[in-house]
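A.B. asks: My questions all concern the structure below.
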Amino acid sequence: MSPCPARSLSRVLDDLGPTLLELVHGDPGAAAEIGGVGIHDPHDEQHHPEHAVVLGVGVTGTDHTAGLLRLLAADGAAALVVRGPVDDADALGPVVAETGVALLALTRGASWAQLAAMLRTLLAEGDVGGQGGQTLGGVPSGDLFALANAIATLLDAPVTIEDRRHRILAFSGRQDEADPARVASILARQVPERYLRIQEEEGVFEELYRTGRVVRIPAPDLGDEVTLPRVAIAVRAGEEVLGSVWAAVRRPLTPEREHAFRDAAKLVALHMLRLRAGADAEYRLRTDLVATALEGGTGAVEALGRLGLAGEPLLVMALGLDARQDDDHAQLAAGRQRLASALAVHLSAVQPRSAVALLGDVAYALFPTARDSADARERAVQVASDFLRRTGEQAGARIGIGSVAEEPAGLARSRANADRALRVLLSHRTSRRVAAIAEVHIDALLLEMRDLAAAHRDEPAGPLARLMAYDARHNARLVETLRAWLDAFGDVNAAAASVFVHPNTFRYRIRRVAEVGEIDLADPAARFAAMLQLRLTGPYDGGDPGRGDRADGTDAADR
């Protein structure tokens with residue numbers, strides 16, 4: 001990792017050069033912290049952020065470059081990137097020294113879109129989701145709605161921007177001038193299925209994604225419904241199709257407008273790449289910050305500050321999926337990601353300052369709460385229960401809730417307790433789907449004691465060992481009998497009913513338990529030891545259900 005600050009020009013050159021960028025002239029160490037990314041557009045008014053790295057797309061020649069360097073110096077830009085190799089680079093050295101704007105060259109063969117996306121990713125490492133004041137072609141970076149309006153003005157027609165799944169990402173004004181199919185698309189944020197079928201049958205999408213030209217689509221026949229023709233163009237980043245731009249037109253586009261439409265599609269690609277890169281960077285950064293906060297170490301205070309959660313009590317929620325060995329791992333991973341995203345959306349509505357991140361197989365939420373731990377636990381359980389109720393039973397999700405952390409150092413303990421509660425829920429020791437650690441504390445302790453026994457390779461001893469050995473030799477059911485009797489607090493009728501035998505048969509069996517196991521069932525200490533051993537060795541969690549008596553009215557315990 002570069003030792004330079006994340007938003008410095010030196011860091012950019014360290015990470016992207018010489019693969020993408022080469023320093024032609026200037027001192028990267030002298031440049032101020034980079035404030036954003038801008039794209040030079042000679043035909044539009046420029047509003048670059050302060051200390052921006054400006055991409056000089058189409059800037060060539062010594063005079064053109066020198067003039068732009070002087071203009072950018074007046075705007076306070078940090079660097080200008082032009083396509084390499086730079087002709088007569090030596091002549092530009094004095095201009096760079098005069099203006100203080102560093103001159104960089106983009107490697108031949110590399111795309112501007114790739115550079116814009118990677119610069120955004122690097123610069124996003126310094127904050128969480130900061131949009132900054134970046135511009136692409138004079139439009140705020142990533143603002144697809146502003147871009148759709150700009151394209152609509154160029155074409156004099158209402159415009160939509162769609163992704164590959166035909167979801168409406170943005171739309172311009174004047175949609176009332178379009179047809180009912182367009183209005184339905186806007187309302188649903190998805191192109192209607194019947195319209196998609198017609199386009200697929202006519203090969204519209206095949207032509208759209210195969211060619212880089214503007215595709216003209218005649219008005220479809222939708223019965224009595226009034227429809228307009230369309231023009232569309234694919235949005236590409238190299239060979240990858242990111243989506244498409246559609247305009248509902250009443251008359252054919254002029255050659256000039258078709259040319260503007262093609263240019264606009266390239267700008268849409270830059271904005272879509274910026275959105276994707278920015279979202280990826282923000283997700284990674286938020287995940288790192290949540291992970292740092294959960295550790296509760298020296299970095300927790302700073303991480304919470306950047307998440308906007310400093311100075312208030314928090315508790316940790318742990319969301320996990322009930323997985324089986326034969327489950328598809330890829331499907332499980334996708335399910336966990338979907339649930340984590342859904343939990344983030346849910347919490348943003350009920351507690352906007354919360355933070356969610358998927359760490360391994362568990363999604364953790366930092367949930368701001370009151371200082372009263374009882375009220376905090378009750379509210380957290382209610383919020384988590386509401387979420388799982390909305391996701392439905394088929395998701396198989398469980399949520400464990402940790403203790404309240406008054407200080408950042410307490411978050412590690414809250415996470416551990418949330419994990420403990422989640423483990424109890426996933427072990428099916430309870431039918432609940434949500435539980436706070438205080439509600440399942442004993443079960444969590446038993447699971448940990450079982451882990452300890454397994455780590456020490458402990459085996460059953462004393463009365464329980466004798467009963468298990470007898471059952472194995474004689475195909476008897478004395479361990480099950482003891483368990484039922486202990487569960488029923490010595491109530492023979494209830495215990496007999498639980499294992500489906502006659503009370504007299506059960507009384508005989510319980511006498512055999514005392515004889516074979518050499519256990520005094522009247523001794524509270526002996527009963528407690530037997531119950532604890534049963535919990536730790538497994539029969540309570542996975543023993544055979546009562547099989548009832550043999551057909552002849554006897555079983556092995558009677559012989």
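A.B. asks: So between D487 and R174, what do we pick up on full extension, going 0.36 nm a residue minus the alpha carbon distance?
C.D. replies: 105.5 nm
A.B. asks: If you plug each phi of the range 438-444 into the Karplus form 6.51 cos²θ - 1.76 cosθ + 1.60 with θ = phi - 60°, what whole-Hz ³J(HN,Hα) values come out, in order, with x for Gly and Pro?
C.D. replies: In residue order, the calculated couplings are 5, 7, 10, 4, 5, 4, 5 Hz.
A.B. asks: Calculate, for A74 and A260, the FRET efficiency according to 1/(1 + (r/R0)^6) with r their C-beta to C-beta distance and R0 45 Å; round to the nearest 0.05.
C.D. replies: 0.95
A.B. asks: Would you list the P(r) distribution for the range 288-378, with all Cα-Cα distances sorted into 10 Å bins from 0 and each bin expressed as a whole %?
C.D. replies: Reading the bins upward from 0: 16, 44, 29, 10, 1.
A.B. asks: Can you list residues from other chains, or at least 5 along the same chain, whose modelled amide H is less than 5 Å from the amide H of L315?
C.D. replies: F367, T369, A405
A.B. asks: Dividing the Cα radius of gyration by the Kirkwood radius, what Rg/Rh value follows for the range 142-275?
C.D. replies: Ratio of gyration radius to Kirkwood radius for the range 142-275: 0.92.
A.B. asks: Among rounded, prolate and oblate, which fits the range 198-325 when a ≥ b ≥ c are the square roots of the eigenvalues of its C-alpha gyration tensor, a/c under 1.5 means rounded, and a/b larger than b/c means prolate?
C.D. replies: prolate
A.B. asks: Arranged by the count of other C-beta atoms within 10 angstrom, fewest first, what order do T430, T160 take?
C.D. replies: Ascending Cβ contact count within 10 Å gives the list T430, T160.
A.B. asks: I want to make sure I understand the PRE zone here: with the label point 7 angstrom from the Cα of R324 toward its beta carbon, which residues in the range 382-425 have backbone N atoms less than 15 Å away?
C.D. replies: Taking a point 7 Å out along Cα→Cβ of R324, the residues of the range 382-425 whose backbone N falls under 15 Å are 394-397.
A.B. asks: Trypsin sites (Lys or Arg not before Pro) within the range 443-504: which are DSSP loop residues with at most 14 other Cβ atoms inside 10 Å?
C.D. replies: When the trypsin sites (Lys or Arg not before Pro) of the range 443-504 are filtered for loop state and at most 14 Cβ neighbours within 10 Å, R457 remain.
A.B. asks: I would also like to ask the following. Whole angstrom only: what separates the Cα centroid of the range 324-391 from the Cα centroid of the range 186-234?
C.D. replies: 39 Å
A.B. asks: Only sites in a loop by DSSP and with at most 16 other Cβ atoms within 10 Å count here; which trypsin sites (Lys or Arg not before Pro) in the range 229-295 make the cut?
C.D. replies: R250
A.B. asks: Loop only by DSSP, 11 or fewer other Cβ within 10 Å of the Cβ. Give me the chymotrypsin sites (Phe, Trp or Tyr not before Pro) in the range 444-493 that pass, ordered by residue number.
C.D. replies: F489
A.B. asks: Which ³J(HN,Hα) values, rounded to whole Hz and listed in residue order, are derived for the range 258-271 from phi using the Karplus coefficients 6.51, -1.76 and 1.60 in 6.51 cos²θ - 1.76 cosθ + 1.60 with θ = phi - 60°, glycine and proline given as x?
C.D. replies: With the stated coefficients, the range 258-271 comes to 4, 5, 5, 5, 5, 5, 5, 4, 5, 5, 4, 4, 4, 5 Hz.
A.B. asks: When Rg is the radius of gyration of the Cα atoms in the range 48-89 and Rh is its Kirkwood radius, what does Rg/Rh come to?
C.D. replies: 0.96
A.B. asks: So, in nm, how far is label R284 from label A91 when the simple model puts each one 7 Å beyond its Cα toward the Cβ?
C.D. replies: 4.1 nm
A.B. asks: Between H64 and R210, what's the calculated FRET efficiency when r is the beta-carbon distance and R0 is 25 Å? Round to 0.05.
C.D. replies: 0.10
A.B. asks: Here's something else I'd like to know. Could you calculate the FRET efficiency of D361 with S385 from 1/(1 + (r/R0)^6), where r is the beta carbon distance between them and R0 is 25 Å, rounded to 0.05?
C.D. replies: Taking R0 as 25 Å, the efficiency between D361 and S385 is 0.70.
A.B. asks: Something else: Taking a ≥ b ≥ c as the square roots of the eigenvalues of the Cα gyration tensor of the range 307-454, is the shape rounded (a/c under 1.5), prolate (a/b larger than b/c) or oblate?
C.D. replies: Note, shape of the range 307-454 comes out oblate.
FYI, it's all coordinate maths here, none of it is from the lab. Note that this is a predicted model, so its numbers are computed, not measured. So basically every Cβ, Gly included, is an ideal-geometry build from the backbone, and we count neighbours across all protein chains shown.
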